[in-house]
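All of the numbers you see were taken from the coordinates with simple rules; none came from a lab. Note that the structure is a prediction, hence the values are computed from the model and not measured. Cβ: placed from backbone, ideal geometry, glycine included. Neighbour counts: every protein chain shown.
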């Protein structure tokens, strides 16, 4: 690149804009106006624009434009030396401020400077700008947390008033749009949504033909004892499709029979997924159930009779084990292969979960009929065994710590143990692997979002059946990377190796100091 090209390159910039669905003041046009004005003042030429519209700033996942831009910067394909962003919040509302700093650092390392055009500070690397930037990043994340709480409270209030929140309609029911005074406006079609903030959505009875199908399912299920699989088969034989326009399956019948909407109940927050985290089930006491929120199409007596049939186990074990295996053999003969999806879609076969409950797993049932899946599923058995060992180990640790007078809280979703509200321990179970040379190795993948005080690595033996040993490591730096443990790792790592967890449990013990020492 000659001198003229270098001078030109130093004045080339890219614009990055992002807009969430609910922030029209941050429209991409408004952002670009400010960015272009910033560029003119500094004699910069905007040569490329990246736009993530309707995207949350909680994480980089799903933000194709930001990912593309950073990818081009990393691979030296970027033909600019500046990135112009409206403000810190448009870069992202990451729950960990260090994540926002990480992506900016990546750009700076590649020789590309990030500018926040609407902020009152220059991003020049000085102490004032660093302090202001970190404060803004923390506030951007806090805004999302506060917004999440307010949105949940708002949705809860509307549910208690009998209004629907999220999700599609079901067979036999329709979504009615009502105005702020409760007056009916019109039925929403599939895929349609309300467009006025003051409008609300309620459930109303659907077409009579669909209502008759729902009532027939409940009545036949309770009065004649027909299994969900049999009901699905009868409906399919008559050419009656499900609400999705597809044939009925065992799973769809079961979902229908459990759905409280048919008796007019609204149930909310059975599962939650907040701030980009995993979708997790909530304890029953945290869910919200509004009885008789609207007119049901099934009598409550009939609905609860159906639930009793599920609860007392009469449905679960209506097939003998041999009948279940014979069904699998017939399906294998007809289709030539087996899979969870195929079993669930088969009209005359029980759901795949039935095989899990009766045989422990689908793989066991496959083995009993002599079927070898095309894929190697041995890792699933190892994963299940690790999960079981994990639960037993952490339960034992918690009980020991509590007996010592400590408090210990195990978070199974994040694999973290919090001791005395002071020490945060991240627990990693790693399976044994053999290298191409026949030696042993244990691969550890580190998560960028988890920053514990200690990391406990639990190594499994060569058969992945028992725990071999433990490593209690200090806080791991560069958490986005991964590394491998060998059988022997040198003094710098093996100094943290333990055969038992007595040392860890001892850390939790509380010691009462003499009065004189405490004063």
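Most tightly packed first, judged by the mean number of other beta-carbon atoms within 10 Å of their residues, the peptides 403-409, 334-340 read 403-409, 334-340. For the peptides 290-298, 187-195, residues were scored by their other Cβ atoms within 10 Å and the scores averaged per peptide; the highest-first order is 290-298, 187-195.
Sorted fewest first by neighbouring Cβ atoms within 10 angstrom, 181, 461 come out as 181, 461.
Listed by Cβ neighbour count within 10 Å, with the fewest neighbours leading, 432, 488 appear as 488, 432. Normalised by the number of residues in the stretch 3-146, the average gap of Cα pairs under 8 Å and 6 or more apart makes the relative contact order 26 percent.
Ordering 402, 214, 88, 201 by the number of other Cβ atoms within 10 Å of each residue's own Cβ, fewest first, gives 402, 201, 214, 88.
Only Cα pairs under 8 Å and 6+ residues apart enter the sum, and on that basis the relative contact order of the stretch 380-507 stands at 20 percent. The Cα atoms of the stretch 380-507 give a gyration tensor whose axes a ≥ b ≥ c have a/c of 1.5 or more with a/b greater than b/c, which makes the shape prolate.
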